1. Suppose we filter Ser45, Ser72 for residues that are free of Cβ contacts under 8 Å to residues at least 24 places away in the same chain, more than 19 Å from Glu28 (Cα to Cα) and open to solvent by less than 40 Å² (accessible area, probe 1.4 Å); which single one remains?
2. Counting only residues that are small (Gly, Ala, Ser) and either open to solvent by less than 50 Å² (accessible area, probe 1.4 Å) or in contact (Cβ under 8 Å) with a residue 24 or more places away in the chain (or both), which one in the range 75-93 is nearest to Gln26 (Cα to Cα)?
3. Of the conditions (1) over 19 Å from Gly9 (Cβ atoms); (2) loosely packed, with under 13 Cβ neighbours inside 10 Å; (3) within 14 Å of the chain's Cα centre (by Cα), Gly60 fails just one. Which one is it?
4. Can you report the number of residues in the range 14-32 which are open to solvent by 50 Å² or more (accessible area, probe 1.4 Å), more than 12 Å from the chain's Cα centre (by Cα) and touching a residue at least 12 places away in the same chain (Cβ under 8 Å)?
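The values are calculated or read from the model by the stated rules, or taken from the named source; none is laboratory data. Please read all numbers here as calculations on a predicted model, not as lab measurements. Neighbour counts are summed over all protein chains in view; Cβ atoms, including those assigned to glycine, are modelled from backbone coordinates with ideal geometry. Heavy atoms of the whole protein, side chains included, go into the accessibility calculation; ligands, DNA and RNA do not. Shrake-Rupley method; radii C 1.70, N 1.55, O 1.52, S 1.80 Å.
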Amino acid sequence: MICGGLTDGTNADEDIQKICNKVKSQAEQKTRKKYDVFVAKVYKSQVVAMSNYFIKVHVGGDDHIHMRVFKSLPHARSVLKLADVQEDTTHADAIEFF
């Protein structure tokens, strides 16, 4: 990994699902949609002065969204914040920096 670059895509694990669960209401507010299904599938991460997680989330049917979640470093109490959402993505769409 290049410093500041994105990691390769990795299957989402329990920790990534927990991040998604914590920012789900922020995603629903930002997209003005309610998600009955909200399952993390794949993610990439970027570590700079904090961590950015780029997460592909299955939201029902064939629909997916990509989320960029900011996580401050432990000395700043590891605050999670939804930075951005890309709607209308598919399972096949690559996760890129946005």
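1. Working: Ser45 fails: free of Cβ contacts under 8 Å to residues at least 24 places away in the same chain.
Just a single option satisfies the conditions, and that option is Ser72.
2. Initially, the range 75-93 is screened for residues small (Gly, Ala, Ser), giving 76, 78, 83, 92.
Still in the running and either open to solvent by less than 50 Å² (accessible area, probe 1.4 Å) or in contact (Cβ under 8 Å) with a residue 24 or more places away in the chain (or both): 76, 78, 83.
Values: Ala76: 20, Ser78: 17, Ala83: 9 Å.
The extreme case among them is Ala83.
3. With respect to (1) over 19 Å from Gly9 (Cβ atoms); (2) loosely packed, with under 13 Cβ neighbours inside 10 Å; (3) within 14 Å of the chain's Cα centre (by Cα), Gly60 is out only on (3).
4. Filtering the range 14-32 for residues open to solvent by 50 Å² or more (accessible area, probe 1.4 Å) gives 14-15, 18, 21-22, 24-26, 29-30, 32.
Imposing the further condition that a residue be more than 12 Å from the chain's Cα centre (by Cα) reduces the set to 14, 25, 29-30, 32.
Next cut, touching a residue at least 12 places away in the same chain (Cβ under 8 Å) only: 30.
Looking only at that region, the number is 1.
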